[in-house]
1. Quick test for you: out of A:Ser25, A:Ser30, pick the one residue that is within 26 Å of B:Leu55 (Cβ to Cβ), more than 10 Å from the chain's Cα centre (by Cα) and exposed (fewer than 13 other Cβ atoms within 10 Å of the Cβ).
2. Return the residue satisfying two criteria in turn: it lies in region B:92-103 and is facing another protein chain (nearest Cβ under 10 Å) and touching a residue at least 60 places away in the same chain (Cβ under 8 Å), and of such residues it is farthest from A:Leu48 (Cα to Cα).
3. Given the criteria within 17 Å of B:Ala88 (Cβ to Cβ), touching a residue at least 12 places away in the same chain (Cβ under 8 Å) and within 13 Å of chain A (Cβ to nearest Cβ), does B:Tyr35 qualify?
4. Please go through (1) within 14 Å of chain B (Cβ to nearest Cβ); (2) over 20 Å from B:Phe108 (Cα atoms); (3) in contact (Cβ under 8 Å) with a residue 24 or more places away in the chain for A:Gly51 and return the number of the only condition it doesn't satisfy.
5. Does at least one position in region B:38-56 carry a residue that is touching a Gly at 6+ places or on another chain (Cβ under 8 Å) and among the acidic types (Asp, Glu)?
6. Within 30 Å of B:Arg9 (Cα to Cα) and either surrounded by fewer than 15 Cβ atoms within 10 Å (Cβ to Cβ) or touching a helix residue (DSSP H, G or I) at 6+ places or on another chain (Cβ under 7 Å) (or both): does that describe A:Glu14?
7. Being more than 13 Å from every other protein chain (Cβ to nearest Cβ), of a type in the set (Val, Ile, Thr) and part of a strand (DSSP E or B): is that true of B:Thr82 here?
Amino acid sequence: QQPVQSPQAVILREGEDAVINCSSSKALYSVHWYRQKHGEAPVFLMILLKGGEQKGHDKISASFNEKKQQSSLYLTASQLSYSGTYFCGTEGGSNYKLTFGKGTLLTVNP
Amino acid sequence: DTGVSQDPRHKITKRGQNVTFRCDPISEHNRLYWYRQTLGQGPEFLTYFQNEAQLEKSRLLSDRFSAERPKGSFSTLEIQRTEQGDSAMYLCASSFRKRARTNTGELFFGEGSRLTVL
């Protein structure tokens, strides 16, 4: 079942923060985050495994609440290069494939 | 190694024709996935291989779609009797996983093959 992402789109000024949410109605084993720029392939950001861990990658971090089947991606002090569509991909315990959400379009303006 | 490569990058065909896409994964990767992406949507799972074994195929796929991965290296995705609804970007991704029945891991995507069915 496809995870639900919110918001669908967000516009920021450089230096502002943003949060992108991903929720699933099914029990999750892992949540993955990818960024895709227009006309390019999706690029891996991070994986979060069940256990409520939080990860960071430069000024991008994420959390995973397995009890709520939710994950959030935090972008702090956004840069122009952060612009793109962010997808979460979820994976159940016995599924070995990612089911992606519809994406969140992030636009960072100068 | 320059990453996952896909060929052709663009394909325009008439309805009813057959098309084939090729994917060359990163050389040491043993797992290979095919996804389909339409405008404004996330990638949709089609099938995946662990080495040469096709372990899962989406129930959404009709029998017109077939994929192979001979010798566990490159993979081909064939669509027979194409329909306008098949128009999409077909993405290939690869990863390395030691065991067949384990989570996906980090995926490395190719730039995709864009199919337009007239």
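1. Details: A:Ser30 fails: exposed (fewer than 13 other Cβ atoms within 10 Å of the Cβ).
After applying the criteria, what remains is A:Ser25.
2. My answer is B:Cys92.
3. Yes, satisfied.
4. Result: A:Gly51 passes all but (3).
5. yes
6. no
7. Values: more than 13 Å from every other protein chain (Cβ to nearest Cβ): yes; of a type in the set (Val, Ile, Thr): yes; part of a strand (DSSP E or B): no.
No.
For (1) touching a Phe, Trp or Tyr at 6+ places or on another chain (Cβ under 7 Å); (2) at pLDDT below 95, each residue gets a yes or a no:
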site: A:Gln2; (1), (2): no, yes
site: A:Pro7; (1), (2): no, no
site: A:Ser24; (1), (2): no, yes
site: A:Ala27; (1), (2): no, yes
site: A:Gly39; (1), (2): no, yes
site: A:Glu66; (1), (2): no, yes
site: A:Ser71; (1), (2): yes, yes
site: A:Gly103; (1), (2): yes, no
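The values are calculated or read from the model by the stated rules, or taken from the named source; none is laboratory data. This is a predicted model, so every value here is computed, not measured. Note: ideal-geometry Cβ built from the backbone for every residue, glycine included; neighbour counts use all protein chains shown.
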